[in-house]
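Okay, structure first, notes after.
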Amino acid sequence: MERPLTQHIRPDREPLTLREYEQVGGYQAARRALQAAPREVTEQVLKSNLRGRGGGGFLTGQKWSLVPPDDHNGPKYLVINADEMEPGTMKDRWLLEGQPHQLLEGVLLSAYAIQARVAYIFLRWDYKLAARRLQQALAEAYGQRLLGANILGTPFCLDVHVHTSAGRYMCGEETGLLNALEGRRPTPRSRPPFAVTCGLWGRPTAINNVETLCCVPHIVQRGGEWFRALSRSPDDGGTKIYGASGRLRKPGLWELPLGTTAREILMEHAGGLADGYRFRGLLPGGASTDFLVEQHLDVKLDFASVEKAGSRLGTGTMVVLDDRTCPVGLVLNLMQFFARESCGWCTPCREGLPWLARTLQALEDGLGTPADLDVLEAHVRAIRPGHTFCALAPGAMEPLGSALKYFRPDFERHVADRRCPWRAG
């Protein structure tokens with residue numbers, strides 16, 4: 001089984017130096033691409049069916065194709081979203097700490113494809129080790145003329161900057177990220193216009209996730225058809241870094257073919273649930289996705305299959321619910337997070353999420369009433385895409401709405417017993 005993204009990551013050791021990275025084929029794709037037309041890079045990515053790994057799943061080559069090819073009125077930008085504040089998600093950290101030169105080569109190739117001369121890596125505030133290793137890799141790359149002016153003796157120039165996030169979940173939302181990068185409050189922007197035509201400082205901007213760009217060197221080096229064949233899904237290409245957290249024997253991260261089933265990941269790679277625990281459900285792509293339950297364990301974890309099952313692939317990092325964890329308490333924990341991280345820009349998010357958190361807290365404290373379940377249901381219906389400026393609040397409704405669907409007896413028991421059944425005493 002091929003693992004192009006992680007095969008050279010050395011657990012508990014320093015990442016490959018520039019020299020070591022080049023010895024295993026690093027920057028060969030960049031050397032080849034810089035001698036070809038930028039459009040050829042985009043064409044290979046289009047052939048690969050690479051879809052964004054940050055949660056949205058938009059076709060990467062298609063996004064690049066929307067960036068104006070020629071613009072002599074000012075610069076174009078590439079922004080790398082390394083904020084990774086989604087609860088339950090830690091896949092980009094693995095790549096940032098374990099193979100920073102792979103990301104930098106992906107940045108170079110992607111910037112060349114859209115002819116951006118400046119790139120910003122927008123990094124989560126507490127990824128201190130990743131920041132240090134990125135800066136070390138940047139210094140090595142600049143020292144060998146792999147970044148900067150006239151890269152490898154060609155006319156192409158690219159400056160790459162690491163920008164540390166302000167530390168809020170909203171900074172990872174695409175347009176909130178742009179505002180934060182510009183030094184302003186990270187509130188969402190109305191769309192259209194979209195970032196590919198009017199992004200950072202009003203200029204054309206491509207925004208891609210860390211894992212997405214780490215795929216690009218391998219696509220350019222070995223071809224789009226090769227990358228597409230790595231997947232078990234007919235509509236998507238490549239491998240995917242899947243993760244699983246919860247009461248498992250071996251929680252962790254694994255690079256597997258895109259389209260691997262949840263059952264295979266949980267049983268074969270995570271070792272199943274810990275002794276004494278039974279499976280009840282999972283959030284397939286981080287905290288802001290709908291629950292899947294036992295009947296969905298054999299669904300392929302690709303974009304289309306998970307959507308058909310009623311959820312989203314998201315980041316591909318599962319949060320597993322066991323039979324000893326209160327689903328109401330789990331959703332309350334998530335709602336408290338989303339309410340705290342709201343930027344307050346629109347009323348449904350600013351007022352609705354705290355209200356839901358208080359309602360769930362009342363259920364947990366034994367103070368809930370049957371009417372509270374109606375309140376929860378009404379908010380799930382009302383706070384949806386198109387009713388808010390960004391996806392934060394609708395994303396918060398996904399675990400709540402699906403918990404009411406699959407675990408409603410647990411909610412009703414909180415009301416009937418006037419206590420949380422999982423609390424001692």
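Before moving on, here are some points about what is shown:
- Screening segment 109-143 for residues that are under 22 Å from the mean Cα position of the chain (by Cα) and without any contact (Cβ under 8 Å) to a residue 24 or more places away in the chain and picking the one that is nearest to Gly74 (Cα to Cα) gives Arg132.
- Taking segment 214-224 as the range and being touching a helix residue (DSSP H, G or I) at 6+ places or on another chain (Cβ under 6 Å) and under 19 Å from Arg39 (Cβ atoms) as the test, the residues that pass are Val216, Pro217, Ile219, Val220, Gln221, Gly224.
- Scan segment 377-411 for residues that are in contact with a Leu (Cβ under 7 Å, 6 or more places away or on another chain) and more than 12 Å from Pro327 (Cβ to Cβ) and the total you get is 5.
- Helices (runs of 4 or more DSSP H) within segment 45-125 that include 1 or more residues farther than 23 Å from Phe194 by Cβ and among the hydrophobic types (A, V, I, L, M, F, W, C): 91-98, 100-114
- Considered as a group, the residues in segment 276-309 that are buried (at least 22 other Cβ atoms within 10 Å of the Cβ) and of a type in the set (A, V, I, L, M) include one that is nearest to Arg358 (Cα to Cα), and that residue is Ala287.
- No other residue among Glu255, Glu225 is of a type in the set (Asp, Glu) and in a helix (DSSP H, G or I) apart from Glu225.
- Within the set Arg184, Arg249, the sole residue that is surrounded by fewer than 17 Cβ atoms within 10 Å (Cβ to Cβ), more than 18 Å from His8 (Cβ to Cβ), out of contact with any Lys or Arg (no Cβ under 7 Å at 6 or more places or on another chain) and not assigned by TED's automatic domain parsing to the domain that holds Ala113 turns out to be Arg249.
- Considered as a group, the residues in segment 300-331 that are of a type in the set (S, T, N, Q) and closer than 26 Å to Val210 by Cα include one that is nearest to the chain's Cα centre (by Cα), and that residue is Thr315.
- When Thr6 is tested against (1) closer than 27 Å to Ala139 by Cα; (2) touching a residue at least 60 places away in the same chain (Cβ under 8 Å); (3) part of a helix (DSSP H, G or I), only condition (3) is not met.
- Entry remark, segment 187-204: residues being in contact with a Lys or Arg (Cβ under 7 Å, 6 or more places away or on another chain) and β-branched (Val, Ile, Thr) number 1 in total.
- Check on Leu200, crowded, with 18+ Cβ neighbours inside 10 Å, closer than 22 Å to Pro75 by Cα, touching a Phe, Trp or Tyr at 6+ places or on another chain (Cβ under 6 Å) and not small (Gly, Ala, Ser): yes
- Residue pairs whose Cβ atoms lie under 9 Å apart, sitting 6 or more positions apart in sequence or on different chains, and linking a residue in segment 194-221 that is touching a residue at least 12 places away in the same chain (Cβ under 8 Å) to a partner that is among the acidic types (Asp, Glu) and in a loop (DSSP other than H, G, I, E, B), are Leu200/Glu182; Trp201/Glu182; Arg203/Asp71; Pro204/Asp71; Asn209/Glu84; Val210/Glu84.
- Qualifying residue in segment 108-119 (condition: surrounded by 14 or more Cβ atoms within 10 Å (Cβ to Cβ), under 23 Å from Gly314 (Cβ atoms) and either modelled with pLDDT of 95 or more or out of contact with any strand residue (DSSP E or B) (no Cβ under 8 Å at 6 or more places or on another chain) (or both)): yes
- Checking each residue in segment 68-105 for being over 19 Å from Glu174 (Cα atoms), polar (S, T, N, Q) and either in contact with a Cys (Cβ under 9 Å, 6 or more places away or on another chain) or touching a residue at least 60 places away in the same chain (Cβ under 8 Å) (or both) picks out Gln99, Gln102.
- Residue in segment 29-44 that is in a loop (DSSP other than H, G, I, E, B) and within 21 Å of Leu230 (Cβ to Cβ) present: no
- Some residue of segment 157-170 being at pLDDT below 95, part of a helix (DSSP H, G or I), out of contact with any Ser or Thr (no Cβ under 7 Å at 6 or more places or on another chain) and not assigned by TED's automatic domain parsing to the domain that holds Gly386: yes
- Among the residues of segment 289-326, the ones that are polar (S, T, N, Q) and out of contact with any Leu (no Cβ under 8 Å at 6 or more places or on another chain) come to 4 in all.
- Complete set of residues in segment 234-246 that are touching a strand residue (DSSP E or B) at 6+ places or on another chain (Cβ under 7 Å) and buried (at least 22 other Cβ atoms within 10 Å of the Cβ): Asp236, Thr239, Lys240, Ile241, Tyr242, Gly243, Ala244
- Sole exception among (1) more than 21 Å from Leu230 (Cα to Cα); (2) assigned to a loop (DSSP other than H, G, I, E, B) for Asp298, by number: (1)
The values are calculated or read from the model by the stated rules, or taken from the named source; none is laboratory data. Owing to the predicted nature of the structure, the values given are computational and were not obtained by experimental measurement. For neighbour counting, all protein chains shown are included, and Cβ atoms are generated from backbone atoms with ideal geometry for every residue, glycine included.
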